[in-house]
Amino acid sequence: MSSNRGQLFSASMMEAIKQRFHYVDRDIDNRERLFFDNAGGSFRLKSALEAFAQIDALPDCPERIHERALFLQGIQARGEDDVRRILNVRGGSVYLSLTASAAMFDMVRTVMENVPGTNAVTTILEHPSSFDAMTMYCERTSKELRIAPSNAETGGVDTDAIVALIDDDTALLSVMYASNISGAKLDIATIVERARARKPDLFIIVDAVQHAPHAVIDLQKTPVDGINFAPYKFFGCRGSGVSWLSERLAELPHHRLAAKDKGVWELGSPAPAQFAVVSAIVDYVAWIGAQFSDAEDRRERFVQGMQRIEEHERALLSLLLDGVDGQRGLRAIEGVRVFWDHDDLTRRDLIAGIGFDNLDPTAAVRAYEERGVIVYERIATSLYSGRMLKSFNLDGAVRISPLHCHAPSDVARFLAVTEDIAIASRLAG
Ligand SMILES: Cc1ncc(COP(=O)(O)O)c(C=O)c1O
């Protein structure tokens, strides 16, 4: 199933998918716009916003005994089941926080304050939410922070580089599933297996914010202690981060209301509407799965759907790199450099990083916007990119992150705009 060049959705499926999202072809002011910054916040499912509005319209406190309160409890319970379906995990705790970053800080702090050890391991590519949490709590608990370097060719981090840092005294490994800068996937299954071979009871926390919307995650196969994702990058809404914690992590001392069970991480009243959003995401992906399989089971349909999304996105990545509809691909456009461009597309999420010979990334992003295209500049002076870019010896890159609801014609249009910018910058230079 997982071919290196992927497989596009049919034209009719593509149309049906586009229909389910807001603003794919046109912006709110009805102007044509190509939004290729989905790693910063993805297109919203219409059904997710409807579910949010419908549930949030109810004034009822879920912690009551009346009918509508019980209904809201059911929405939350279904949302928690769906979080477990997304991750293929049983038991443990589901924790809804305001942002994925906030939960990451909480999970890191809890392990670092309670698990014995003299060091903790992470990678240079982590988002600040985990890297800064690791730095802060290593300082506070007097542990050595060990940082695995990046691999400039793959845009990722080699498994060996991470495993080599782990020993009997490692309290925590915090590692991301895929880089939100390069799109490179880390080999989490092998990392977890080999890390646990070094230290069987090692605590492992995984940041899946970048990767979760792009492929199947299966914690039955790859057991970790904590993992998070962000609905607003997963076709849902802003306003929450979703985490799952293993029982042993959830039950470590943490901020909690004393009357609640030991493993509960919720503080106060999470919004049932946010759980409805998670269920709307699973409904949607399972709907895609149902177009290709007669599986009855909701997880199985979700898996089929995610696999189709992954295949379509891989095909789009291939077109982006090598061209489509007579349009040259990024690899062949004069004046454009493609970073972290290794050939095994199965190891990459749908992200590309490029540079222009005659244009800095910020000017390039403005040039794209003038032409109706939204992309993102990652620059070495930024809080969110500096450390990672420096590890690759780069000053900056333009990040391109389409989504599975884009069609090959969208990629062709993007490539035409890129070529136009490259020509214009050459003439100006
Ligand atoms: C890989 C990764 N981790 C964590 C985060 C943090 O997510 P949030 O802003 O929802 O806290 C992001 C957001 O950009 C991300 O890309």
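Could we say that ARG44 is more than 16 Å from the ligand (Cβ to nearest atom) and not small (Gly, Ala, Ser) here? Against the criterion (more than 16 Å from the ligand (Cβ to nearest atom) and not small (Gly, Ala, Ser)), ARG44 does not qualify. The single condition from (1) part of a helix (DSSP H, G or I); (2) under 21 Å from the mean Cα position of the chain (by Cα) that CYS405 fails is (1). Give me the residue from the stretch 30-80 that is among the acidic types (Asp, Glu), farther than 18 Å from SER401 by Cα and more than 20 Å from the chain's Cα centre (by Cα) and, out of that set, surrounded by the most Cβ atoms within 10 Å (Cβ to Cβ). It comes out as ASP56.
Any residue at all in the stretch 215-225 that's within 12 Å of the ligand (Cβ to nearest atom) and in contact with a strand residue (DSSP E or B) (Cβ under 8 Å, 6 or more places away or on another chain)? No, that holds for no residue.
Just so you know, in the stretch 194-214 the residues that are of a type outside the set (A, V, I, L, M) and within 16 Å of the ligand (Cβ to nearest atom) include one that is surrounded by the fewest Cβ atoms within 10 Å (Cβ to Cβ), and it is HIS211.
Exactly one residue out of VAL108, VAL115, VAL94, VAL89 is closer than 27 Å to THR154 by Cβ and either crowded, with 16+ Cβ neighbours inside 10 Å or among the hydrophobic types (A, V, I, L, M, F, W, C) (or both): that is VAL108. Working only within the stretch 347-373, note down all residues that are over 21 Å from MET176 (Cα atoms), surrounded by 16 or more Cβ atoms within 10 Å (Cβ to Cβ) and β-branched (Val, Ile, Thr). Hits for the stretch 347-373 are ILE354, VAL365, VAL373. Of all the criteria given as (1) farther than 24 Å from LYS185 by Cα; (2) surrounded by fewer than 21 Cβ atoms within 10 Å (Cβ to Cβ), the one not satisfied by ASP344 is (1).
Would you call LEU172 among the hydrophobic types (A, V, I, L, M, F, W, C) and surrounded by fewer than 24 Cβ atoms within 10 Å (Cβ to Cβ)? Here the answer is no, as LEU172 does not meet what is asked. VAL163 meets each of the listed conditions (1) within 24 Å of ARG308 (Cβ to Cβ); (2) free of Cβ contacts under 8 Å to residues at least 60 places away in the same chain; (3) out of contact with any Ser or Thr (no Cβ under 8 Å at 6 or more places or on another chain); (4) of a type in the set (Val, Ile, Thr) apart from (1). Considering the conditions (1) more than 16 Å from the ligand (Cβ to nearest atom); (2) assigned to a helix (DSSP H, G or I); (3) under 23 Å from ALA184 (Cα atoms); (4) not aliphatic (A, V, I, L, M), SER130 is excluded by exactly one of them, (1). The residues on offer are PRO149, PRO128, and the sole one that is closer than 27 Å to TRP265 by Cβ and outside the structural domain of TRP340 (by TED's automatic domain parsing) is PRO128.
With under 30 Å from ASP343 (Cα atoms) and at pLDDT 95 or above as the only criterion, which of ASP37, ASP27, ASP56 stands out? ASP37 is the lone residue from the list that is under 30 Å from ASP343 (Cα atoms) and at pLDDT 95 or above.
Taking the stretch 385-412 as the region of interest, how many residues are farther than 19 Å from GLY40 by Cβ and of a type in the set (Lys, Arg)? So the count comes out to 1. Picking from residues in the stretch 164-183 that are of a type in the set (Asp, Glu) and either farther than 19 Å from THR135 by Cα or in contact with a Lys or Arg (Cβ under 8 Å, 6 or more places away or on another chain) (or both), the one that is nearest to the ligand (Cβ to nearest atom) is ASP167.
The values are calculated or read from the model by the stated rules, or taken from the named source; none is laboratory data. Predicted, not measured: the structure shown is a model, and the values here were computed from it. Note that we place each Cβ from the backbone using ideal geometry, even for glycine, and neighbour counts take in every protein chain shown.
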